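Notes follow once the structure below has been shown.
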Amino acid sequence: MIRKSLVFLLTAIALVGCKGNNSEAASEQAQKVAVKVAEARGGIVPQNVEFTANIEPWQKVNIVPALQGARIARIYVKVGDRVTKGQLVAQMDPTQYNTARVQFETAEADYQRTKKVYEVGGVSAQMMQSAEAQYLVAKEAMENLKSHVNLYSPINGVVTQKGEDEGNLFTQTPILEIMQIDRLKVRVDVSEQYFSSVSVGTPVEVSVDILPDETFPATVSLVYPSIDPATRTFGAEVTIPNNDSRLRPGMFARTTIHMGDREGVMIPDLAVQKQTGTNERYVYVIDGGVAHRRVVTVGRIIGSQMDILSGLEAGESVAITSFARLSEGVKITIND
């Protein structure tokens, strides 16, 4: 009887132990986070990065005379006219220039007369120097005004604005604005990560919304040598040939810089998370049934894939769901 009771007791203890182990296993399984994963894949990543900017003229000049308060005698061109370098485009009333010319001629005559008398000892060196100084000042004033009576275009271009009319007194508004548009430029701010990939001569494609089916070839013509510490970008200037004048200053442009190809690592863009309050990006790498938080450096998005510049190797698996429940060291179970 005692023996039977002992066997019953041992059996009961074994059943309780087995039930406890099963309960613990079930609890541990319930605590695991179910996630879907994707594999990081290596491959060739085209480094074609798009930036937006406004198209600018290659050169822009304002025709502004030095004759404040002088009357505008003639304007020889109108908005839309093409002009060539050295072409006469406007003329100011010559009254101020004529007055300065008379003053110069008087000062020149006094200087020449004083010089002759000085050479025979009739006047002092001080008087000679004073006459010479007055002559030189009058000459400079006359020549300066003379250069602003007839106004010439300093560039080949198109008249884009007319700020004054004939007969007006010139104050401060430029009489004319002239732009060179047979070639144009855009200035873009490029992320510092591409600094070593952009140089003078790098090919570029430019597109504008009003011509959606066309692209215009261009090249990088200038790379600014410093990086803005506030934006972590550097400036690049792109030159666009425009002999047919289809593009115009002020157009909104999409500028794609072709930086070549490189070996990269791509993952679904939804796998990349952003740390709140910072620019830090991270992923959860799944290894041995455990999630590990890892900081990554990201490049551009191509379709639905994100280019990972550093922090992840091809072949590693990353979580693409259940981010709200993931943290470093959390055990996971993988859903298909």
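Restricting attention to region 224-249, the residues that are more than 15 Å from the chain's Cα centre (by Cα), surrounded by fewer than 17 Cβ atoms within 10 Å (Cβ to Cβ) and not hydroxyl-bearing (Ser, Thr, Tyr) total 5.
Does region 98-118 contain any residue that is at negative phi, at pLDDT below 90 and not in a helix (DSSP H, G or I)? Looking through region 98-118, none of the residues is at negative phi, at pLDDT below 90 and not in a helix (DSSP H, G or I). The set of residues from region 302-323 being surrounded by fewer than 15 Cβ atoms within 10 Å (Cβ to Cβ) and not in a loop (DSSP other than H, G, I, E, B) comprises Ile302, Ser310.
Pairing each residue of region 318-336 that is under 17 Å from Leu270 (Cβ atoms) and touching a residue at least 12 places away in the same chain (Cβ under 8 Å) with any residue that is aromatic (Phe, Trp, Tyr) and part of a strand (DSSP E or B), provided the two are 6+ apart or on different chains, yields C-beta distances under 6 Å for Ala319/Tyr284; Leu326/Tyr284.
The residues in region 269-293 that are over 31 Å from the mean Cα position of the chain (by Cα) and either assigned to a strand (DSSP E or B) or of a type in the set (Phe, Trp, Tyr) (or both) can be counted, and the count is 8. Only one of the listed residues (Ser207, Ser221, Ser196) is over 30 Å from Val102 (Cα atoms) and exposed (fewer than 15 other Cβ atoms within 10 Å of the Cβ). That residue is Ser196. Looking at Gln129, Gln103, Gln161, Gln172, just one residue is surrounded by fewer than 17 Cβ atoms within 10 Å (Cβ to Cβ), outside the structural domain of Met251 (by TED's automatic domain parsing) and within 30 Å of Thr219 (Cβ to Cβ), and that residue is Gln161. One residue is enough: does region 264-279 have a residue meeting the conditions in contact (Cβ under 8 Å) with a residue 24 or more places away in the chain and hydroxyl-bearing (Ser, Thr, Tyr)? The answer is no, given that none of the residues of region 264-279 is in contact (Cβ under 8 Å) with a residue 24 or more places away in the chain and hydroxyl-bearing (Ser, Thr, Tyr).
Matching residues to (1) in contact with a Gly (Cβ under 9 Å, 6 or more places away or on another chain); (2) closer than 30 Å to Glu316 by Cα; (3) not in a loop (DSSP other than H, G, I, E, B):
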residue: Gly42; (1), (2), (3): yes, yes, yes
residue: Trp58; (1), (2), (3): yes, no, yes
residue: Val61; (1), (2), (3): yes, no, yes
residue: Ala66; (1), (2), (3): no, no, no
residue: Ile72; (1), (2), (3): yes, no, yes
residue: Gly80; (1), (2), (3): no, no, no
residue: Gly86; (1), (2), (3): no, no, no
residue: Gln96; (1), (2), (3): yes, no, yes
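Ser196 passes every criterion in (1) outside the structural domain of Gly315 (by TED's automatic domain parsing); (2) polar (S, T, N, Q); (3) at pLDDT 90 or above apart from (3).
The values are calculated or read from the model by the stated rules, or taken from the named source; none is laboratory data. Note that the coordinates shown come from a computational prediction; the quantities given were computed from them, not determined experimentally. FYI the Cβ positions are ideal-geometry reconstructions off the backbone, even for glycines, and counts take in every protein chain you see.
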